[in-house]
Amino acid sequence: MSIQIDKNKCISCGKCRNICPGNLIYNDLRGKAFIKYPQDCWDCTACVKECPAQAIKLYLSGDIGGNGGHLYTSQEEKGCLVWHMVDRFGREEVIKINRKVSNRY
């Protein structure tokens, strides 16, 4: 698994670079984000959740049933993070998670 950043959607805000716990995201000369060592990605999805332009997707590996599928987030709706899970055939499922209770222990 690894992330993929769409430079055409990237708005050069730097939020993904600042949130990445592995310090794997860099900016190119135009200020667009890229992941330098995708094989080192922890798949934590912090950058996916933080990106306001929905420019980052996490590609899911076959060992967890991904087989070419990916997930990304869209704009929040009333305090909910909206996840889009797309399988390799393009079928999409949307899940809304309330941010206030999502990390409650």
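The values are calculated or read from the model by the stated rules, or taken from the named source; none is laboratory data. Because the structure is predicted, anything quoted here is derived from the model rather than measured. Reconstructed Cβ throughout: ideal geometry from the backbone, glycine too, with neighbour counts over all protein chains shown.
At-a-glance table
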{"read-out": "Residue in the range 85-97 that is farther than 19 Å from LEU24 by Cβ, among the aromatic types (Phe, Trp, Tyr), surrounded by 14 or more Cβ atoms within 10 Å (Cβ to Cβ) and at pLDDT 80 or above present", "value": "no"}
{"read-out": "Count of the range 12-30 residues which are charged (D, E, K, R) and outside any loop (DSSP other than H, G, I, E, B)", "value": "2"}
{"read-out": "Residue count for the range 14-65, restricted to those that are more than 14 Å from the chain's Cα centre (by Cα), modelled with pLDDT under 95 and surrounded by 15 or more Cβ atoms within 10 Å (Cβ to Cβ)", "value": "0"}
{"read-out": "Residue count for the range 70-79, restricted to those that are at pLDDT 85 or above and either part of a loop (DSSP other than H, G, I, E, B) or not hydroxyl-bearing (Ser, Thr, Tyr) (or both)", "value": "2"}
{"read-out": "Count - residues of the range 1-41 that are within 19 Å of GLY69 (Cβ to Cβ) and either of a type in the set (Phe, Trp, Tyr) or in contact (Cβ under 8 Å) with a residue 60 or more places away in the chain (or both)", "value": "2"}
